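Everything on this sheet refers to the single structure shown next.
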Amino acid sequence: MIFYVTRRIRRNAGKGFAMAILLGFLGWFLLLFNGFITQKQIEIDHAYETMPVSVVISNLQGTQTDNLWIPESVIDYFIRDSYSYLGKQEPVAFSSYVKDVKIKSTLYYTITANPALADKGEAENQKIVGITSTAAEPALSQTEGVQIRYFVQDGEAKLGSGEPVCIVSESFLDSLTMDADGKYRMVLQVHTSPDANEAKTITVEIIGCYTKADNTIYCSWNTVAEIQKLLSGEIVADSLEATIRDNRELDAFRVLLKRHFAEVNPTGEPTPIPNAPVLSYFRYAATIHDQHLQQTVGSLSQNMRTLQLLLPVVVVLALIIAFFAGFLYVYVQKKPLAVARSLGTSKNTVLLSIVLENLVWIAVGVPVCLGLLRLMYMGHRGLTCVAAVNFGFLAGTWIAGYVVCGKKAYYSLKEDE
């Protein structure tokens, strides 16, 4: 048996290698096609993980996102670790859906420790703005041509912490002198408004400056919030924005938003608050800016669905090609097979030799497939389809052998004459 199979392999080496290359190519193509589908899914996951989606609080018309006077109760949704709705503690905090919360609050100051600066600027321009990060203040954006220079390491992180530090304009900094320890410090009288009588005295350290002619002092939002609480008993924010923590949870987050914010309505028509004990209306609207994400994911999903619809067609075509290739490969050898049968070789022996021979060509096709994968690697999904194609090839060879061996040997020989 082994000798007979070896002879057949040597005799059919050229045709066999052609079959091996065909099977290797079909296997590679199916892996490649499945790889494209996998790649689309990877790109979708990457889009969900990396594309920033923000939620911005605005007025009801959506025309104003600054100077909104947002109360502490609304701010707490975004920064507190606990969340209650209708007097019931919710298992998942509102804040768990967001990150990089950007809050801005404004107070006013006068300088008392440095007489040369006591009257610097008009009162309405002497603002001390608390920000969670420089990204919370559009006026500090690089797109506005503003550059920020810090005097300490991790200046951005310090500014966003609760430390009494700040940044000022370069022109403002030129009017100051360093302390004995080489640092810039100021003592400020902070007010809730330019004409307010009550004030809170604080000492702040200047840790950086920005390239803009302005008297505005930017400091930690926590510092301003603490002063607001002391002066007026409440914390208010001018603007509020955040980034979605997990874009795959956008739908769940939208449900929470509808509890506390209206959708933008250009007419400004008030929207009633659902489940409120008395009739009341939303004061603010919330907008999720996810258009770019939706467009990207939608396009990738459509491409992936198209490939998934085509996959069964491609697999069936590959099976048909493999089946008929195997069938024809054996059927054209009906004369030597008939001779073997006429010499007394049993049908089962001939069929087994056919299967063993073509298992060798399948094994040769494996490195062909692997070699092609080195040229274009797309993953290992689709191995089942590859196995099905090889099985189809074997099925074609076996059926052809059965057809040939099913006839009487002399009749098969007569057909070839």
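Tabulated data for the structure shown
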| item | result |
| --- | --- |
| In Hz, Karplus ³J(HN,Hα) per residue of region 230-235 (6.51, -1.76, 1.60; θ = phi - 60°; x = Gly, Pro) | 6, 7, 10, x, 9, 10 |
| Listed pairs Lys40/Lys158; Lys158/Lys258; Lys200/Lys258; Lys99/Lys183; Lys127/Lys183; Lys15/Lys40 exceeding 31 Å between Cα atoms | Lys40/Lys158; Lys158/Lys258; Lys200/Lys258; Lys99/Lys183; Lys15/Lys40 |
| Relative contact order of region 213-303, defined on C-alpha pairs under 8 angstrom at six or more residues apart (%) | 17 |
| From phi via Karplus (6.51, -1.76, 1.60), per-residue ³J(HN,Hα) for region 193-206 in Hz, x at Gly/Pro | 8, x, 9, 6, 7, 6, 9, 10, 8, 9, 10, 10, 9, 8 |
| Stretch gain in nm, segment Val366-Ser161, where the contour uses 0.36 nm per residue and the Cα spacing is subtracted | 67.8 nm |
| Cβ crowding within 10 Å averaged over residues, with 204-211, 259-266 ranked highest first | 204-211, 259-266 |
| Estimated dipole of region 132-220 in Debye, rounded to 20 [Cβ of Lys and Arg +1, of Asp and Glu -1, Cα centre] | 80 |
| For peptides 141-154, 237-250, sequence by mean Cβ density within 10 Å, most packed first | 237-250, 141-154 |
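The numbers here are math on the coordinates, done by the rules we state, and not lab data. Bear in mind that the values here come from a model prediction, so they are computed numbers and not experimental data. Note that each Cβ is placed from the backbone with ideal geometry, even for glycine, and that neighbours are counted across all protein chains shown.
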